[in-house]
Every structure is written in C-alpha cells, then in structure tokens.
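**Q** First the structure, which I've put down as structure tokens, then a few questions once you've had a look.
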Amino acid sequence: MIDIQTDTLIPLSEVPLHVPPKKNGKRIHNCAAYRWEKRGLETITMAGLGKFTTIQALQNFFMVLSGQKPADHTRTPNKRRKAIEAAERNFAGSGRS
C-alpha cells in the first residue's frame, strides 16, 4: 500500500525516467506505465493531480513479473518483539555489558 506521508511519489508520466533503458538505449514509452497499472502496478489517484506510484511499487511489480516474492517491508508488533529479543540475546551472548 502506498503511504503518501512516507513514500516518494512519482507521477506515472515520469516512470520511464526511473526504469533502465531497453537494449537499444531507448527509454520505455509513457504509456507503458499506464498499461502496467492495469496489470497490477500499485498506484494512487490524487484529485486534480493525476496518478502516482513509488519506486517500491515498481520494484514489487517487477519482482512479481519475474516470479519472485515481493519484499514485505511491513513490521508487525510480533516481528518487532522477536527482533528485539534476538538482538538482546545476541548482545547478552557477546559478553558486553
């Protein structure tokens, strides 16, 4: 999910600037981003401003296309607690105080 407070928004018309050029050195056409939206690229529409996406949304879209599982950057309270406990165990086991 796109969070407009923490993510850097990219207008769909500027997506070609954030994607590597094709083998012939040309950039993808602006229309490609709008086609990708229909195939699953996560976007948001802001009234009067148009459609936007993020670098993370592009990365997730490409990972799904290549058969990989997109990275889950959300941290649940349970995951956070487990990470803290693991870090405390590591610190205690290192002999530092």
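The values are calculated or read from the model by the stated rules, or taken from the named source; none is laboratory data. Predicted model only: the values in this text are computed from it and were never measured. Cβ: placed from backbone, ideal geometry, glycine included. Neighbour counts: every protein chain shown. The accessibility values were calculated without ligands, DNA or RNA, using every heavy atom of the protein model including side chains. Shrake-Rupley method; radii C 1.70, N 1.55, O 1.52, S 1.80 Å.
**Q** Given Leu49, Trp36, Asn78, which one lies farthest toward the positive end of the charge dipole of the stretch 30-92, if we put +1 on the Cβ of every Lys and Arg and -1 on the Cβ of every Asp and Glu?
**A** Asn78
**Q** Estimate the FRET efficiency between Lys26 and Lys69 by the formula 1/(1 + (r/R0)^6), using the beta-carbon distance for r and 30 Å for R0, to the nearest 0.05.
**A** On the way: r = 31 Å, r/R0 = 1.02.
Given R0 = 30 Å and the Cβ-Cβ separation, E is 0.45.
**Q** Now, a different point. Could you pull out the longest piece of the chain with no exposed loop trypsin sites (Lys or Arg not before Pro) in it, calling a site exposed if DSSP puts it outside H, G, I, E, B and it has at most 15 other Cβ atoms within 10 Å?
**A** On the way: sites that count: Lys22, Lys23, Lys26, Arg27, Arg39, Arg75, Arg96.
The answer is 40-74.
**Q** Under a point spin-label approximation (7 Å from Cα along Cα-to-Cβ), what is the Leu49-Thr8 distance to one decimal in nm?
**A** The modelled label-to-label distance comes out at 1.6 nm.
**Q** Could you work out how far helix 55-65 tilts from the main Cα principal axis of the chain, as a 0 to 90 degree angle to the nearest 10?
**A** With both axes taken from Cα atoms, the answer is about 80 degrees.
**Q** State in Å² the accessible area per residue of the chain; use a 1.4 Å probe, count heavy atoms of protein chains only, and round to the nearest integer. List each step's numbers first, then the result.
**A** Numbers: 7610 Å² over 97 residues.
For the chain, the solvent-accessible area averages 79 Å² per residue.
**Q** Turning to a different aspect of this structure: With springs only between Cα atoms under 10 Å apart, run a GNM on the chain and tell me which of Leu41, Leu17, Leu58 wobbles the most.
**A** Of Leu41, Leu17, Leu58, the Gaussian network model singles out Leu17 as fluctuating most.
**Q** Please list 3J(HN,Hα) in residue order for the stretch 4-20, calculated via the Karplus relation 6.51 cos²θ - 1.76 cosθ + 1.60 where θ = phi - 60°; whole Hz, with x for glycine and proline.
**A** Values per residue, Gly and Pro as x: 5, 7, 10, 8, 8, 7, 10, x, 4, 5, 9, 4, x, 6, 10, 10, x Hz.
**Q** Sticking with this structure for a sec: Per DSSP helix of 4 or more residues, -39500 (n - 2.57); summed, then divided by the residues of the chain. What does that give at 222 nm, rounded to the nearest 500? Display every interim value, and only then the final one.
**A** Working: 3 runs with 37 residues, N = 97.
So the helix-based figure for the chain works out to -12000 deg cm²/dmol.
**Q** Suppose every K and R has +1 on its Cβ and every D and E has -1 on its Cβ; what is the size of the dipole of the chain about the Cα centre, in Debye to the nearest 20?
**A** Working: 16 positive and 8 negative charges, 75 e Å.
My answer is approximately 360 debye.
**Q** Which translational diffusion coefficient, to the nearest whole µm²/s, is obtained for the chain from the Stokes-Einstein equation, given a Kirkwood hydrodynamic radius over C-alpha pairs, 37 °C and 0.692 mPa s? Walk me through the numbers before you get to the answer.
**A** Details: Rh = 16.2 Å.
For these conditions, the coefficient is 203 µm²/s.
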